[in-house]
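Asks: Right, I'll just put the structure down here and ask away after.
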Amino acid sequence: MNRIIPGTLLAALMAGPLSAVAADLAEQTYGRYVDQQGGISLPEDARSSWPHLGSWIVEDPEAPGHGFHDVYTQPEAVQGYRDTGAFPDGTILIKEIRSIESGTKTTGQAQWAGEPQIWFVMVKDDKGRFDSPHWDKGWGWALYEAKDPSTNVSKGFAETCQTCHVPAEATGWVFIEGYPTLKN
């Protein structure tokens, strides 16, 4: 039985299994979560179907990013990172920041994640697909608030994201030290 395989997939298959997964990841991401103008949408299913990379807590209420942080990505992105030490093209990282709840439990004083407040979304772009303030340093950058999760309120990488991410420049603009899921 002869089958016709689209050119992108065929090239990826010839390059090897990991390349095929990476090509498929980019195709899925740019076909489903990024429009032709570079608009990024917030994936709604991440918390229930994507691997949890790790959690952070920023306790200081005056600090940017105050809250309980959980970070998610696609399974293919985790495997790609484990295999190469870098996120493959098309990787989506979602940082969900929730309020911090606290109280006394039988184990003592405890803190846990409350209601969602905001989501930061990064989309890996190895090809420089878009000329936009939201696309810089090899990533697309977006910010969504719980009051309207369909609207990107980021003013772009330089104005909204860069200041917080400068300490992670050496690791591809991602704070990987808090993500035990990436380790083999």
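The values are calculated or read from the model by the stated rules, or taken from the named source; none is laboratory data. Because the structure is predicted, anything quoted here is derived from the model rather than measured. All Cβ positions, even for glycine, are placed from backbone atoms using ideal geometry, and neighbour counts span all protein chains on display. These accessible areas exclude ligands, DNA and RNA; they are computed on the full protein's heavy atoms, side chains included. Shrake-Rupley method; radii C 1.70, N 1.55, O 1.52, S 1.80 Å.
Asks: Report the charge-dipole magnitude of the chain in Debye, nearest 20, computed about the Cα centre from +1 at each Lys and Arg Cβ and -1 at each Asp and Glu Cβ.
Replies: 420
Asks: Let me ask you something else. May I ask you to give the solvent-accessible area per residue for the chain, in square angstrom, as obtained with a 1.4 angstrom probe?
Replies: Result: 57 Å² of accessible area for each residue.
Asks: Also, quick follow-up: Using only helices, what value at 222 nm comes out for the chain when you add -39,500 (n - 2.57) per DSSP H run of length 4 or more and divide by the total residues, to the nearest 500 deg cm²/dmol?
Replies: The helix contribution divided over the chain gives -6500 deg cm²/dmol.
Asks: I would also like to ask the following. What does the C-alpha gyration tensor say about the overall shape of the chain? Classify as rounded when a/c is under 1.5, otherwise prolate if a/b is larger than b/c, or oblate.
Replies: prolate
Asks: Where does the charge balance sit around Pro149 when Lys and Arg score +1, Asp and Glu -1, over other residues with C-beta under 11 Å from its C-beta?
Replies: -3
Asks: Further question on the same structure: How much net charge surrounds Met122 when only other residues with a Cβ under 15 Å from its Cβ are counted (Lys, Arg +1; Asp, Glu -1)?
Replies: -3
Asks: May I ask you to list the lysines whose Cα is less than 20 Å away from that of Lys137, ignoring any residue fewer than eight positions away on the same chain?
Replies: List returned: Lys95, Lys124, Lys127, Lys155.
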